[in-house]
Structures are given as C-alpha cells and as structure tokens.
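A.B. asks: I have a structure I would like to understand better, so I am pasting it below and will then ask my questions one at a time.
The values are calculated or read from the model by the stated rules, or taken from the named source; none is laboratory data. Everything numeric here is computed off the predicted structure, so don't read it as measured data. Cβ placement follows ideal geometry from the backbone for every residue including glycine, while neighbour counts extend to all protein chains displayed.
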Amino acid sequence: MDLAGKRGLVVGIANEHSIATGYATLFRAAGAALAATYLNDKAEPFVRPVAQTLGSSIVLPCDVRIPRQPGAVFVGIATDGGRLDFVLHSIGFAPSGDLHSSLADCSAEGFALAMDVSCHSFIRMARLPLPLMTDGGSLMTVRFYEAERAVEHYNVMGPVKAAPESSVRYLAADLAANRIHVYAISAGAVKTRAATGIEHFDALLDDVRAHTPAQHLVTIEESGRIAAVLASEAGMTLTGSTIYADAGFHVMA
C-alpha cells in the first residue's frame, strides 16, 4: 500500500498501545505524513513520544467537548501546508456511572455526552476538513461489534457506537460530490487502555477468540492494514460501508 505524498490526521491516540497508534504506524509505514492530537495536558506526555516516532510535525490538543479545539487543529494543518487527504477518528467516551449501569438506567445527560463525543464529533470532523480536501479524501471511524449485537457490559456504548455506523452511510452520500469517501472500521476485540473501562473485558476476549475462525484475535496491525487501504484510492468503491477487520468473527453464529 502506497500512501506516499498523502497527509493524514489521526484523532484518538492515547498511548503507544492504542488502536489509533497502530493504525497511524501503518499509515506512516506506507509513506503518509501525519498530524496527531492529544486529549489534554494529562494525556500529552503519553502522546508526544508516539507522535515523534511517527514524525508528526503537527501535534495539537483536541478535546471535542471544547468547541474551538477541533477547528484549531484544522487551522493548524492549513497553516502547515494547506492540504489533507484522510482523517481517522478513533475516539469514544461515556461517563463511568452510565457506562457501568444498565442502558435502562443511563442518564439523559450521560447518553447525550457519550453520543456527542463518540458520534457527533465524527460528523463535525467530516465538515471541518472540507476546505483542505480539495482533491477528495477519506474519513474513517472505528467501532466494535457492540453496535450490532447486545454485548454484556457495553451498556450505553452499544447504541452510541451504532450511531456513527449509520452516520457513515449518510455522510458518504452527502460528501460524494466532494469526492470524499467515508467508512466505519469494525475492529476486532483488542486489549487497550480504553478497553479496561469495560467490565470483564478479558472474558470477552476469550469469548471472541473462541468464536473466531482459527481462534485468532485480530491484531491492531492487521486491522491497521485495512485502514491504510481505505486511506488510499483503492478503497473508494467501498464508501459508505462498514469494513470488518475482525478475522471473521462477524460471520460466526
């Protein structure tokens, strides 16, 4: 996969073990120049070393709950070179109290916040890069199979993660005239720091392994190769699709 000459933005790097880091590493290995973001001052020391490894010249704060921060990221990219070819959105959040309670007990405020961070921020990031994607581009968001099945302990994140998948279809239609392609990547179960917030996640990994062909848990690097394809022209005919990078787990009963 050749991404030489392309410029991308990766939103969602938390540390060296996050899914976004694995995807970014594949983008970089394929030749892309990358900008990266970190959530806040507390997260910056974990993200900066990753960004340095990726050779990122732009590393900016981006808390999507702060109105002007996402826009400032795209202004920074415009100032640095004025062009962008792809964006990877790999963020999700729910307040702990709502995440660890049943969906029926989820608060309206917690649901709204989870939907804003996990879904509407992707919609906003579909609009913001338009002036920089003058030759078209790719937008990707990452989800898990809790979007289509009721997964124990995922609670509010189930319906919240289903929303970006539907949004991908509508954005693909909305932005087709701009030659912008939009995808959801359904990644396999991977143990990351974010995943530790899900109760009994190790048991979930065991269950996924047992129901995956060849009992193989997909790695971040393996699903990252799919993201690299979608960042290139090779993925353009798949726009609007949810692409499964889960070693076949989704086909098993």
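A.B. asks: Taking the residues in the range 141-155 that are crowded, with 19+ Cβ neighbours inside 10 Å and of a type in the set (A, V, I, L, M) as candidates, determine which candidate is nearest to Ala20 (Cα to Cα).
C.D. replies: Initial filter on the range 141-155 (crowded, with 19+ Cβ neighbours inside 10 Å): 141-147, 151, 154-155.
Then keep just the ones that are of a type in the set (A, V, I, L, M); that gives 142, 147, 151.
Numbers: Val142: 9, Ala147: 19, Val151: 23 Å.
For the range 141-155, the residue satisfying everything is Val142.
A.B. asks: So, in the range 127-154, exactly how many residues are at pLDDT 95 or above and among the hydrophobic types (A, V, I, L, M, F, W, C)?
C.D. replies: Total satisfying the criteria: 6.
A.B. asks: Next question, about the same structure. Can you find even one residue in the range 84-107 that is surrounded by 15 or more Cβ atoms within 10 Å (Cβ to Cβ), among the charged types (D, E, K, R), outside any helix (DSSP H, G or I) and modelled with pLDDT under 95?
C.D. replies: Within the range 84-107 (the criterion being surrounded by 15 or more Cβ atoms within 10 Å (Cβ to Cβ), among the charged types (D, E, K, R), outside any helix (DSSP H, G or I) and modelled with pLDDT under 95), the answer is no, since none of the residues qualifies.
A.B. asks: Residues that are surrounded by 18 or more Cβ atoms within 10 Å (Cβ to Cβ), farther than 19 Å from Asp63 by Cα and either out of contact with any Phe, Trp or Tyr (no Cβ under 7 Å at 6 or more places or on another chain) or not aromatic (Phe, Trp, Tyr) (or both): does the range 121-129 have at least one?
C.D. replies: No, the range 121-129 contains no residue that is surrounded by 18 or more Cβ atoms within 10 Å (Cβ to Cβ), farther than 19 Å from Asp63 by Cα and either out of contact with any Phe, Trp or Tyr (no Cβ under 7 Å at 6 or more places or on another chain) or not aromatic (Phe, Trp, Tyr) (or both).
A.B. asks: Follow-up question, since we're still on this one. For the range 1-72, which strands (runs of 3 or more DSSP E) that fit wholly inside it have 3 or more residues that are touching a residue at least 60 places away in the same chain (Cβ under 8 Å) and of a type in the set (Asp, Glu)? Working first, answer last.
C.D. replies: Details: elements: 7-11, 33-38, 58-61.
Filter on the range 1-72 gives an empty set.
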